[in-house]
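Have a look at the structure below, then the notes.
The values are calculated or read from the model by the stated rules, or taken from the named source; none is laboratory data. Nothing here was measured: the structure is a model prediction, and the numbers come from that model. Every residue, glycine among them, receives a Cβ derived from its backbone with ideal geometry; neighbour counts consider all protein chains shown. Only protein heavy atoms, including side chains, enter the accessible area calculation; ligands, DNA and RNA are left aside. Shrake-Rupley method; radii C 1.70, N 1.55, O 1.52, S 1.80 Å.
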Amino acid sequence: MPNPVLFSPFRVAGLELANRIVIAPMCQYSAENGCTTDWHLIHLGQLALSGAGLLTIEATAVVPEGRITFADVGLYDDASEAALARTLDGVRRYSDVPIAIQLAHAGRKASTDIPWLGGKQIPPSYDNGWQTEAPSGVAFLPEYVPPTALDQEGLKRVRDAFAASAKRAASIGIDAVQIHGAHGYLLHQFLSPLSNRRTDDYGGSIENRMRFPLEVFDAVRTAFPAGRPVTMRVSATDWVEGGLELAEVIVFAKELEARGCDAIHVSSGGLDAKQAIPVGPSYQVPLARAIKNEIKIPVVAVGLITEPVQAEAIVATGDADLVAIARAALYDPRWPWHAAAALGGQVSAPPQYLRSQPSQYKNLFRP
């Protein structure tokens, strides 16, 4: 059996990955006042032993009002930084997997309840609720309290908050930063004409709509150490007529590349309730391929990638450089092990688990 591409090493800027598998960020809604808890140590700890090439911490708010829910993780004050540092110390005691963090602001989709409690907006007058902010005063749903449109001072405050969180991430040894520009959150709200109705320099043409996300990228890139990757996650389409389109995202991706972005993580949707997403295995891979054809920096594909042969085909054919798994890793925290076994690859395993290697896969664990 030829060596699988999925288990070949890959470099993103100054970061060497053992393979092409990325654990995508997954919100856990289990923080307390923005601080990670023992749940995050358990959650990230098991994923750090998965054999993946990179582990990404969930969407982490750069300001309290940027949290999706009151139970989201933040990295915006000394307490949240100290809590995340403790979690990282616990994980790194037993794993050397590179760890990235997704820095985020939820914009008009903030101030919601925990998903398993319904996930609806919590109005500002209720406990655990606050006034949301966005590019324009357009609510995500008609029944929601409209957001406050960010003025120049607000834009500066948010931009500076992204940079400050990047500095905090660097100080606790985070290996890479992913900026969340997808799934209908603040930076995606600026990119989409459905949510961005501004008439100033930050609205109208795609060149104007991408201005603030690019300013945030520049601020984070300046704040985060050179050689450590700064990447961007994008929604390549809104899946809504009149919304953000792939051609516009390609323009955005090219500008990110020109400014020193180290990789693009390609997702889609999340901005509008009217979206019509053709969900199926690898449904977003064509979007990743279209963007990869236009830029030279690495591209990450994500979205219902659940089978080893499927993941291998994506990277072996050049549709993307890396694949990201999320729910599949929750269901099977040893997914990379099982993929390596199926494809004839090798993964690292902690010494405590070496004797678990099945007899039929004598070379599964890397020496």
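For the condition of a type in the set (A, V, I, L, M) and open to solvent by 10 Å² or more (accessible area, probe 1.4 Å), Ala236 does not qualify. Among the residues making up region 60-97, those that are within 15 Å of the chain's Cα centre (by Cα) and open to solvent by 10 Å² or more (accessible area, probe 1.4 Å) are Arg67, Ile68.
Summed over region 278-322, the residues that are out of contact with any strand residue (DSSP E or B) (no Cβ under 6 Å at 6 or more places or on another chain), farther than 24 Å from Leu244 by Cα and among the small types (Gly, Ala, Ser) give a count of 3. Of the residues making up region 323-357, just one is open to solvent by less than 40 Å² (accessible area, probe 1.4 Å), of a type in the set (Phe, Trp, Tyr) and farther than 24 Å from Ala263 by Cα, namely Trp337.
Here is the figure for region 167-198: residues that are within 21 Å of Asp272 (Cβ to Cβ) and open to solvent by 20 Å² or more (accessible area, probe 1.4 Å) total 6.
Sub-7 Å Cβ pairs linking a first residue in region 15-27 that is touching a residue at least 24 places away in the same chain (Cβ under 8 Å) and among the small types (Gly, Ala, Ser) to a second residue that is part of a loop (DSSP other than H, G, I, E, B) and open to solvent by less than 10 Å² (accessible area, probe 1.4 Å), at least 6 apart or interchain, are Ala18/Gly53, ordered by first then second residue.
For region 219-253, name all the residues that are over 20 Å from Val285 (Cβ atoms) and touching a helix residue (DSSP H, G or I) at 6+ places or on another chain (Cβ under 9 Å). Residues satisfying the conditions are Ala219, Val220, Arg221, Thr222, Ala223, Phe224, Pro225, Arg228, Val230, Val251.
Selection of region 53-73 for residues being over 16 Å from Gly107 (Cα atoms) and of a type in the set (Val, Ile, Thr) yields Thr56, Ile57. Within the bounds of region 277-297, is there any residue that is part of a helix (DSSP H, G or I), touching a Phe, Trp or Tyr at 6+ places or on another chain (Cβ under 7 Å) and crowded, with 21+ Cβ neighbours inside 10 Å? For region 277-297, residues part of a helix (DSSP H, G or I), touching a Phe, Trp or Tyr at 6+ places or on another chain (Cβ under 7 Å) and crowded, with 21+ Cβ neighbours inside 10 Å: absent.
Can you name every one of the helices (runs of 4 or more DSSP H) wholly within region 301-367 that holds 3 or more residues which are within 17 Å of Leu6 (Cβ to Cβ) and over 26 Å from the mean Cα position of the chain (by Cα)?
Numbers: elements: 308-316, 327-331, 335-343.
Those helices (runs of 4 or more DSSP H) span 335-343.
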